[in-house]
Amino acid sequence: MTFATYTYVRYISTTMMIDRICPHCGQPILEGSLFCLDCGRRILRKAETASGQRLAKLRTAEVIDELEALPSGSYVFVVEGVDRGSRLDLKANGTFTIGRDGADFQLQDPFLSRLHAEIKADGNRWLINDLHSTNGSFLNDIPAKGQELLDGDQIEIGYTTLIFHVKL
């Protein structure tokens with residue numbers, strides 16, 4: 001931590017309580033914050049971290065069971081969040097938006113922007129892009145900026161976690 005960062009943290013901590021440090025960017029997190037003010041990532045409460053990881057694995061296993069009945073194609077499944085169990089069937093050569101209102105795949109998460117992210121076909125590949133949302137879109141903990149989606153990739157938007165799957 002640099003002297004300027006230490007001074008800034010020390011100044012903030014005299015007026016507001018610093019709860020912990022963001023695991024993604026290393027900046028201080030104010031007590032009660034749901035998102036990092038610096039990088040925009042969702043901050044899990046201490047109790048959510050361990051149980052959330054176990055739940056995400058369990059829910060992913062539930063989705064895998066559901067995949068057996070699906071025809072060949074590409075899909076995005078909601079495995080964590082208000083819309084858990086929802087599915088978006090991606091059609092070839094399409095562009096699909098994800099968001100709270102006016103999107104192709106509408107989710108009820110209040111931490112999503114109206115048009116939050118976009119999944120776009122590029123030949124035989126699928127790409128994900130954040131649409132300048134307030135809280136960001138993340139692919140495997142990396143900000144989504146046109147990366148290729150691979151089978152099993154995890155997408156985080158707001159308080160919603162999605163899994164991308166390709167069934168051949």
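In this view, the solvent-accessible surface of residue 159, computed with a 1.4 Å probe and all protein chains in place, comes to about 50 Å².
Less than 9 Å Cβ to Cβ from residue 126, Lys/Arg counted +1 and Asp/Glu -1: what total charge do the surrounding residues give? Here the count lands on 0. Accessible surface computed residue by residue for region 97-168, with neighbouring protein chains in place and a 1.4 Å probe, gives 48 Å² per residue.
Could you calculate the FRET efficiency of residue 25 with residue 134 from 1/(1 + (r/R0)^6), where r is the beta carbon distance between them and R0 is 22 Å, rounded to 0.05? The value I calculate is 0.85.
A Förster distance of 25 Å, applied to the separation of the beta-carbon atoms of residue 83 and residue 145, puts the FRET efficiency at 0.55. Proximity of backbone amide H atoms, modeled 1.01 Å from N, is registered between residue 27 and 22 at under 5 Å, excluding neighbours fewer than 5 places apart on the same chain.
Within the assembled protein chains, the solvent-accessible surface assigned to residue 104 is about 90 Å², based on a 1.4 Å probe.
The values are calculated or read from the model by the stated rules, or taken from the named source; none is laboratory data. What you see is a predicted model, and the numbers here were worked out from it, not measured in a lab. Positions of Cβ are generated from backbone atoms using ideal geometry, with glycine treated the same way; all protein chains shown enter the neighbour counts. Just so you know, the surface numbers come from the protein's heavy atoms only, side chains and all, with ligands and any DNA or RNA stripped out. Shrake-Rupley method; radii C 1.70, N 1.55, O 1.52, S 1.80 Å.
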